[in-house]
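The values are calculated or read from the model by the stated rules, or taken from the named source; none is laboratory data. Since the model is a prediction, treat every value here as computed from it, not as a measurement. Here the Cβ positions follow ideal geometry from the backbone for every residue, glycine too, while neighbour counts run over all protein chains shown. For the accessible areas, the whole protein counts, side chains as well, though only heavy atoms, and no ligand, DNA or RNA atoms are used. Shrake-Rupley method; radii C 1.70, N 1.55, O 1.52, S 1.80 Å.
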Amino acid sequence: MVASLERYRSIVVLTGAGMSADSGVATFRGPDGLWEGHRVEDVATPEAFRRDPALVHAFYDARRAKLDNVEPNAGHHALARLDAQWPGDLLIVTQNVDDLHERAGARRLLHMHGELKRGWCTACDRRFPWSGPMGEPAVCPGCGQTGQVRPDIVWFGEMPYEMERIDEALMTADLFVSIGTSGAVYPAAGFVQTARYRGARCLEINLEPSQGSIFFHETRLGRASELVPAWVAELLT
Ligand code: OAD
């Protein structure tokens with residue numbers, strides 16, 4: 001019997017770019033405000049894709065290719081261990097589009113901002129796994145149309161995935177933990193307020209206080225690859 005089960009039955013974990021930073025995946029809001037040399041608006045909006053699909057495809061193709069050279073870090077492995085061993089409810093909501101949580105073995109996981117390794121055909125509306133470059137000439141494996149496949153990534157101005165499921169989990173959570181996210185992008189940035197209002201204890205693990213830091217009961221500052229394993233060990237003791 002896990003002792004913390006007496007305090008918590010239901011946990012929601014939110015992860016952001018800081019979760020994968022120690023694996024060598026770039027975060028979004030670095031000191032110069034650029035993301036891999038691009039402004040977010042130039043590569044992460046539907047308008048950008050309409051204006052310059054080649055640039056947007058090249059950007060996501062490069063990021064997808066990079067996934068082959070990175071590995072889950074100790075933080076991802078710790079969350080996968082939590083997933084395997086926590087007997088209560090758990091939902092890991094990631095804003096990350098990499099596949100490091102699942103490669104570490106996490107199962108109770110959803111990607112609210114989509115996934116680099118999936119494509120979406122705007123002609124037939126199918127979504128499907130994708131590996132390798134996508135590029136403009138990509139052919140939809142469902143309907144066979146060329147040039148209508150885009151990365152299955154939620155861009156600015158688009159609705160994140162599975163919001164109903166996330167809201168339900170936040171309503172019943174008694175522990176909410178936010179890891180490696182700046183708290184700059186809604187709706188994820190507002191999850192702490194929902195969870196707290198519904199009575200959950202709220203813990204933040206981040207390199208520096210996030211924009212929503214004041215809403216958390218506790219903030220632990222440091223690297224996710226060090227602090228997340230320590231927190232999971234505490235919880236599972
Ligand atoms: P950000 O780049 O905005 O924030 C990353 C956070 O992680 C910052 O607060 C850093 O201090 C922290 N951090 C960096 N390294 C860390 C480490 N090793 N351990 C712990 N924390 C660390 O990334 P997100 O908050 O994830 O959306 O960004 C949210 C969304 O904005 C993204 O999902 C993306 C972007 O636009 C879409 O693409 C739709």
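Look at V177 and say whether it is within 13 Å of T15 (Cα to Cα), within 16 Å of the ligand (Cβ to nearest atom), at pLDDT below 95 and not hydroxyl-bearing (S, T, Y). No; evaluated as a whole, the condition is false for this residue. Taking the criterion of being over 16 Å from the mean Cα position of the chain (by Cα) and surrounded by fewer than 16 Cβ atoms within 10 Å (Cβ to Cβ), the residues of the range 71-111 that qualify are A84, Q85, P87, G88, D89.
For first residues located in the range 153-174 and in a loop (DSSP other than H, G, I, E, B), partners that are open to solvent by 50 Å² or more (accessible area, probe 1.4 Å) and lie 6+ apart or on another chain with Cβ distances below 7 Å form the pairs V154/Y161; D174/R9; D174/G199; D174/R201.
Tell me yes or no: at least one residue of the range 126-142 is among the hydrophobic types (A, V, I, L, M, F, W, C), open to solvent by 20 Å² or more (accessible area, probe 1.4 Å) and within 16 Å of the ligand (Cβ to nearest atom). Within the range 126-142, none of the residues are among the hydrophobic types (A, V, I, L, M, F, W, C), open to solvent by 20 Å² or more (accessible area, probe 1.4 Å) and within 16 Å of the ligand (Cβ to nearest atom). The set of residues in the range 12-26 being at pLDDT below 95 and closer than 18 Å to L90 by Cα is empty. Go through D167, D152 for me and flag whichever is of a type in the set (D, E, K, R) and within 16 Å of the ligand (Cβ to nearest atom). Among D167, D152, only D152 is of a type in the set (D, E, K, R) and within 16 Å of the ligand (Cβ to nearest atom).
Counting just the residues of the range 40-52 that are within 11 Å of the ligand (Cβ to nearest atom) and either in a loop (DSSP other than H, G, I, E, B) or open to solvent by 60 Å² or more (accessible area, probe 1.4 Å) (or both), which one comes out farthest from V154 (Cα to Cα)? If you could, list the steps in order and put the result at the bottom.
Step one: list which residues in the range 40-52 are within 11 Å of the ligand (Cβ to nearest atom), which gives 40-41, 43-45.
Adding the requirement that they be either in a loop (DSSP other than H, G, I, E, B) or open to solvent by 60 Å² or more (accessible area, probe 1.4 Å) (or both) leaves 41, 44-45.
Numbers: E41: 13, A44: 8, T45: 8 Å.
Among them, the one singled out is E41.
Going through (1) charged (D, E, K, R); (2) more than 30 Å from V228 (Cα to Cα); (3) within 15 Å of the ligand (Cβ to nearest atom) one by one, E71 falls short only on (2). Out of the residues in the range 201-237 meeting the condition of being part of a loop (DSSP other than H, G, I, E, B) and surrounded by fewer than 17 Cβ atoms within 10 Å (Cβ to Cβ), tell me which one is modelled with the lowest pLDDT. Among residues in the range 201-237 that are part of a loop (DSSP other than H, G, I, E, B) and surrounded by fewer than 17 Cβ atoms within 10 Å (Cβ to Cβ), the one modelled with the lowest pLDDT is T237. For the range 197-230, the set of residues classified as touching a residue at least 12 places away in the same chain (Cβ under 8 Å), more than 19 Å from the chain's Cα centre (by Cα) and more than 9 Å from the ligand (Cβ to nearest atom) consists of R198, G199, A200, R201, F215, F216, H217, E218, T219, R220, listed by residue number. Scoring P87 on the criteria (1) within 15 Å of the ligand (Cβ to nearest atom); (2) more than 26 Å from Y186 (Cα to Cα); (3) of a type outside the set (S, T, N, Q) leaves a single failure, condition (1).
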